[in-house]
Amino acid sequence: MTRVALVTGGTRGIGAAISKALKAAGYKVAASYAGNDSAAEKFKNETGIPVYKWDVSSFDACAEGVKKVEAELGPVDVLVNNAGITRDGAFHKMTLEQWNAVINTNLGSLFNMTRQVIEGMRTRKFGRIVNISSINGQKGQFGQVNYSAAKAGDIGFTKALALENARGGITVNVICPGYINTEMVQAVPKDVLDKAILPLIPCNRLGEAEEIARAVVFLAGDDAGYITGSTLTINGGQYMV
Ligand code: NDP
């Protein structure tokens, strides 16, 4: 039977590449997003993947959203917690709003989303949860105390949840991308990229969203059933853990 995959933030950037790769691998895919309707509409028209709008930082919105996806596509077998934001600033100037927005979207969302699907996965004795963290959750980043804390939290979440569900056919893993060639990174001026960023990356190039997507497809598959609680670092050698 065709498995159902739900990708949060699946309409743009890394998430869009993940949604497309899962579809190409034979999954029935649902892509969620927060508010950029025109990007979501364009993505839907180009890929044929249905899109769903809700805020992953709200538990109630996630409950309602997942219910809708499951009513239309079937129970979620693969959950990719990809949606994320940044609200950067030095900690001594960081506002509570910046802190809460990043913690709730990048870490709270893992509770809000995973809680909706975990009981069904446990009953069916199969599930794949892949969380998208960041290199900055592993090494810390200037101006990103909120983001680094949330992304490090994603790693702890992954390990504990993997332990609780390892016997039940459910794997939980986390991917930590480095600099990926998305709109966000393309906005960085070329000389900053060439002089300040690329010299830090032994592979001497940015990563492509498809390189993260291929890892997600692998972790979602039956062949990866013995990989759980694992942190997959994909950063061109920039930070070796
Ligand atoms: P983008 O900004 O390109 O896309 C983010 C996606 O998440 C969009 O679909 C957006 O929806 C959605 N989203 C954001 N906030 C919410 C919310 N509250 N509820 C629901 N959906 C939401 O991000 P990237 O592709 O760059 O990043 C994807 C993930 O990878 C993030 O977790 C990020 O932290 C992580 N990452 C990215 C790196 C990079 O180099 N780009 C490096 C390391 C990690 P909408 O379109 O409606 O705004």
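Only one of these is buried (at least 22 other Cβ atoms within 10 Å of the Cβ), closer than 23 Å to Asn106 by Cβ and out of contact with any helix residue (DSSP H, G or I) (no Cβ under 6 Å at 6 or more places or on another chain): Gly15, Gly35. Name it.
Just one listed residue meets the conditions, Gly15.
Say whether the condition of being among the hydrophobic types (A, V, I, L, M, F, W, C), more than 12 Å from the ligand (Cβ to nearest atom) and either part of a helix (DSSP H, G or I) or without any contact (Cβ under 8 Å) to a residue 60 or more places away in the chain (or both) is met by at least one residue in segment 130-146.
yes
Given the criterion within 12 Å of the ligand (Cβ to nearest atom) and exposed (fewer than 15 other Cβ atoms within 10 Å of the Cβ), identify the matching residue among Val216, Val192, Val174, Val188. Give the steps one after another, and end with the answer.
Working: Val216 fails: exposed (fewer than 15 other Cβ atoms within 10 Å of the Cβ); Val192 fails: within 12 Å of the ligand (Cβ to nearest atom); Val174 fails: exposed (fewer than 15 other Cβ atoms within 10 Å of the Cβ).
Checking each option against the conditions leaves just Val188.
Please verify whether Tyr179 is more than 14 Å from the chain's Cα centre (by Cα), within 15 Å of the ligand (Cβ to nearest atom) and either closer than 25 Å to Ala39 by Cβ or surrounded by fewer than 17 Cβ atoms within 10 Å (Cβ to Cβ) (or both), treating the condition exactly as stated.
Yes, satisfied.
Quick check on Gly237: is it away from the ligand (no atom under 14 Å from the Cβ) and under 24 Å from Asn81 (Cβ atoms)?
no
Could you list, in sequence order, all residues of segment 19-68 that are near the ligand (Cβ under 8 Å from one of its atoms) and among the charged types (D, E, K, R)?
Asp37, Lys53, Asp55, listed by residue number.
For segment 30-38, state whether one or more residues are in contact with an Asp or Glu (Cβ under 9 Å, 6 or more places away or on another chain) and assigned to a loop (DSSP other than H, G, I, E, B).
Among the residues of segment 30-38, at least one is in contact with an Asp or Glu (Cβ under 9 Å, 6 or more places away or on another chain) and assigned to a loop (DSSP other than H, G, I, E, B), which makes the answer yes.
Please verify whether segment 98-120 includes one or more residues that are farther than 26 Å from Lys159 by Cβ, at pLDDT 95 or above, away from the ligand (no atom under 12 Å from the Cβ) and not hydroxyl-bearing (Ser, Thr, Tyr).
For segment 98-120, residues farther than 26 Å from Lys159 by Cβ, at pLDDT 95 or above, away from the ligand (no atom under 12 Å from the Cβ) and not hydroxyl-bearing (Ser, Thr, Tyr): present.
Could you check Glu210 against (1) closer than 25 Å to Ser57 by Cα; (2) in contact (Cβ under 8 Å) with a residue 60 or more places away in the chain; (3) under 19 Å from the mean Cα position of the chain (by Cα); (4) in a helix (DSSP H, G or I) and say which number it fails?
(1)
Let me confirm something: among Ile155, Ile103, which residue is in a helix (DSSP H, G or I), among the hydrophobic types (A, V, I, L, M, F, W, C) and either farther than 23 Å from Ile212 by Cβ or free of Cβ contacts under 8 Å to residues at least 60 places away in the same chain (or both)? So that I can check it myself, show each step before the final result.
On the way: Ile155 fails: either farther than 23 Å from Ile212 by Cβ or free of Cβ contacts under 8 Å to residues at least 60 places away in the same chain (or both).
Exactly one residue qualifies, and that residue is Ile103.
Could you list, ordered by first residue, the pairs with Cβ atoms under 6 Å in which the first is in segment 43-58 and on the phi > 0 side of the Ramachandran plot and the second is buried (at least 21 other Cβ atoms within 10 Å of the Cβ) and in a helix (DSSP H, G or I), at least 6 apart or interchain?
Nothing qualifies.
Given (1) in contact (Cβ under 8 Å) with a residue 24 or more places away in the chain; (2) surrounded by fewer than 17 Cβ atoms within 10 Å (Cβ to Cβ); (3) under 22 Å from the mean Cα position of the chain (by Cα), where does Thr231 come up short, assuming only one miss?
Only one criterion is unmet by Thr231, namely (2).
From the residues in segment 56-100 that are over 28 Å from Val185 (Cα atoms) and part of a loop (DSSP other than H, G, I, E, B), which one is farthest from the chain's Cα centre (by Cα)?
Gly74
To keep it simple, each residue is scored yes or no on (1) assigned to a helix (DSSP H, G or I); (2) without any contact (Cβ under 8 Å) to a residue 12 or more places away in the chain.
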residue	(1), (2)
Leu161	yes, no
Asn173	no, no
Val192	yes, yes
Pro202	no, no
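The values are calculated or read from the model by the stated rules, or taken from the named source; none is laboratory data. Everything numeric in this text was worked out from a predicted model, so none of it was measured. Note that we place each Cβ from the backbone using ideal geometry, even for glycine, and neighbour counts take in every protein chain shown.
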